[in-house]
Structure formats: C-alpha cells, structure tokens
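Rule-based calculations on the coordinates, nothing more; no lab input. As the structure is a computational prediction, the values presented were derived from the model and not from experiment. In this analysis, Cβ positions are derived from the backbone assuming ideal geometry, glycine residues included, and neighbour counts consider all displayed protein chains.
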Amino acid sequence: MSFSRLVRSTLAWGVACAVVLSTGAQTALPKPPKHILPAKIFHTIGSPSVAAIDDAMRSVMEGGGVHGASLAIIVGTRLVYAKGYAYRPGPLIKPTTYFRQASVSKFITSLAIMQLVNEGKLTLDTTMQSILQLHPPWGGAPQDKRFSKITIRNLLEMDSGLDPTLEVDDTAVAARLVKPLPVHAGELESYAASEPLQYAPGDKSQAAYNDSNFDFLAYIVAKLRHASSFAAAIRKPLLEPLGIKRIRGARPLIGAQLPGEATYYPNSSPSTAKSVMTPSQPTVELGYGDENFFNMQGGGGMSAAATDMARLLAALNYGRGNPAFTPAEVAQWLGYADAALNDKSFSGPNAFGFYGLDALGPIPPNSSAPPYEGDKGGYLETSQNAIYYQSGAIGYVLCFNEHTGNSQVWYPAFGAVIAAASSHDWGSTDLFPKYGMPSFPPEFFKPGKPWMHSGLPFIDPEKLSVRH
C-alpha cells in the first residue's frame, strides 16, 4: 500500500470512531483495519526509554496482540518511570490515559474501608446491616435471618454468603423488581436482602473470590461518607489529600466515556453481548454496555491513570505527616491481609483476593516496616491490570486495554520489569510533579533495597473475571 493510501485509510478509520463516539449509540466499535500499518508498529510516550523495561512490555503486547498499555514505576515515595505504549493500529496511549482497573478496584476499596476503621467509624466486626439497613423490595426484614450477621470482615474475606454474581445479574434483578433496565445500586442492595444466603457468614471453607462482597463494601463507604457513589465518597478523604486527580468511576456506554479513557478491544469470541444499560437490550461490543460499572465500583468498576494509581502505592511508603494513612495503619491493613491470605482455614480453590490483595508475603527485613511484597490483578472482558508493591522499595502499576493471554512470565508479578527497575540507577528522579502531583516530603522510610520476586503464588487472571 502506498503512503498516501495508508494515510487516507488511517484517517477514515479515525473519523469513523469519532462519529460513533459522538453519537453515543450502543453499537460495536469499528475495528481498526489491521492492514493499514506495519504489523509490528510500536509507539511509546513518556519517560526516556529503559530498554529492558520497554522490551519486556513490547514482548507481552506482541505476544497477545494488545493495542495499548501503560506502566508506572515507583521507588519508595517517588515516581521514577511513566510510559504509554501503543502497538497495532489504534489511539496513542499516554501515561495519564485512564484504564478500567477491573479487580484492582478492590485495592482502592480496601484502603477506603481501612480509613473508616482507623477513624473509628466502623470495626471489622461491624455488621453490614447496621450501616446499610437493607430491606427486600416488598419491605420488612431480609429473607435470610443470617443476613444481619454479615460483618465488614466477612466482606473483606469474601465469606459473607452473599450471591457472588449479584453485580452481573441485572436481568434477574430487574425481573424480580418488575422494572426496566438498568438496575441501580440501591435496587441491587434490596434484591440481595430478598435472597437466601448461600452459606453461613464466616464459613471459611466456602470463601471464594468474587466482586459482590467488595461492591457492598463500596456501598458502605458511600453511606458513611454521605456520598452518591463510592467514587465520590473517596475523593475528599483519600484522593485529594494525596494530590490524586485521575481516579474515577468507569462508564459502561460507549457514548458516555469520559475524556482521556482508553479504547477497549475484545479478543474473545463472541465479541458482542446484550446490553444491560437499556430496556430493549441491544447487542453491543463487549465492554460497552454489557456490564453496569456504576453498580460495581468497589469490586471492579473504577478507572484510573497508571500515574495516579502509582501515587497510592507510593503513599504506602510515606510515613510521618501522611494525610491519608499512617505507617501503623498501613501495617495493620497489611497484617490483616497477610494473616487471611496465608490462613489454611480458607480451603476453597479460589480463596484469595482478601483485603484487596491477591498475594502477600514477607521479604527480608529492610529499613521500612512492614517488610512485605504483594500484588493484585484485575481482569475484565476487555482489559487486564496489575499492581505490585514492595515496602519501601519497588512498585508498579500496569494496565492493558485488551487481554494479553495468561502467562506466569509476567502476571501479576512482572519479573522482567522488577529486575530492570531494581538494577537501574534512578538517581533523584521524581516524576510526580510532572503529572500534577507534588513530591512527597523527604521520606520517613529510607528506601529499602529492592527485592527480587520471591515466589508469590500465581493467580490465573481468568479467575479475576467479573463473570463466574
């Protein structure tokens, strides 16, 4: 193909996308013609290249045929690397591009809950019902008498007995309530109160990874913060004190996407589904209306830039004067997670993800406390995400706008990136000011020596899907 024809084809595809996005129609995204650009085009925006890091990213993207990704790396309290990656035809990705965080949203939810615990507004033994005071659609007490026994701890440890598929049961909820789609969060709460629990709250042998428990944690945060949604509830106590501006609720419909959001690509078959956002349930592209992200912000419905998620990780290493949480509070939260994730009483095959982390383990002591490494993954129909954290040392945020394939080589602890970041001399680099967030004051924790990944258990990303 000639260069002039290539340009015309590229422009035509871009105009088509703009038309669909501007109309707000629930139709399939036009696919970029794969023949218009060389098969191995690879474009980056952001930090000067560290070859070992960019090569590792390119390898994953080429292997899975992924359109776009972003990566942010911290050392201690500093942002040292921020990069957007584009591979194959499609929009360019910046370090500040928003990506749906999928189940990494649970990490944010856990921080928000622990803030409330530390403020004395609840304890892990506070019951959900004492805060939400839920009733079935017809009024009265919840159908299952055990409903009133569900605690914050049960939700964080996913052994509440709640239906694990609540957030994707839109059509069933609407039918029970005799109302048209879409279903709203309050209606989902009422529906939950009308169902029998699947088992007694606190039965560790039944605990299993799901989104529903964390969705209800988010409803609790919103209620106690007197906010209309979880995303609104965390703004003042968690995000604004840390200078974070690019974390928000995800939007389901294609015409309602907010500025700066990544474009998402299904690479599964079928690539369409029925909408749950419109009464007539038209067929839509996967990721654009078949899931109601408004109801699942706590379990999988947040959107964020990698740079701003990295700010949350860096804040865990910021000690004295931290406006969001103290070192003791961080130690308490990670201690709860460590105890639960390594408690053999949780005997089911999918018993993980407790307290917003998929895996957590001690590392050789360094000068910060607590000395942990941990990770969290996220997996929606059209995106994949991961965070990795070392106390006082290396951490990263990784986002893809498509599935990469399930590989223990990188997911969720990307060894090649950890090794490259650990061996690189970052000097005094701090990119937070470049992305609108002030540098943290001089570190209370002296940065620890980076620790190579020590064998955290591998979690198959498909287990992190919102569909069960």
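Things to note:
- Set of aspartates and glutamates near residue 449 by C-alpha distance (under 14 Å), chain-local residues within fewer than 8 positions excluded: 373, 425
- Cα gyration tensor shape for the chain, rounded if a/c is under 1.5, else prolate or oblate: oblate
- Those residues of region 77-104 whose amide nitrogen sits under 19 Å from the label point placed on residue 43, 7 Å along Cα→Cβ: 82-99
- Assuming charge only on the beta carbon of Lys and Arg (+1) and of Asp and Glu (-1), the dipole of region 108-226 about its Cα centre is about 380 debye to the nearest 20.
- What the phi angles of region 422-432 give under the Karplus curve with 6.51, -1.76 and 1.60, with θ = phi - 60°, is a coupling list of 5, 8, 7, 8, 8, x, 9, 3, 8, 8, 4 Hz, glycine and proline written as x.
- Between region 385-431 and region 40-118, the C-alpha centres lie 9 angstrom from each other.
- DSSP-assigned coil residues among trypsin sites (Lys or Arg not before Pro) in region 287-358, each with at most 12 further Cβ atoms within 10 Å: 320, 344
- 3J(HN,Hα) from dihedral phi, region 81-98, Karplus parametrisation 6.51/-1.76/1.60, rounded to Hz, x for glycine, proline: 8, 8, 8, x, 10, 10, 9, 6, x, x, x, 5, 10, 9, x, 9, 5, 7
- Dipole of the chain, positive direction: furthest Cα of 303, 404, 349, with charges on the beta-carbon: 303
- Given charges at Cβ of Lys, Arg, Asp, Glu: region 108-226 dipole, positive-most of 165, 226, 202: 226
- Rg over Rh [alpha-carbon atoms, Kirkwood Rh] for region 108-226: 0.95
- Segment residue 184-residue 172, extension gain: residue separation times 0.36 nm, minus the distance between their alpha carbons: 3.0 nm
- From phi via Karplus (6.51, -1.76, 1.60), per-residue ³J(HN,Hα) for region 397-409 in Hz, x at Gly/Pro: 10, 9, 9, 10, 9, 6, 6, 9, x, 8, 10, 6, 5
- Amide H contacts under 5 Å for residue 303, placed H, 5+ residues apart: 101, 248, 249, 250
- Ellipticity estimate at 222 nm from DSSP helix runs (n ≥ 4, -39,500 (n - 2.57)) divided over the chain, nearest 500: -8000 deg cm²/dmol
- Cα-based shape type of region 294-444, given that a ≥ b ≥ c are square roots of the gyration tensor eigenvalues and the cut on a/c is 1.5: rounded
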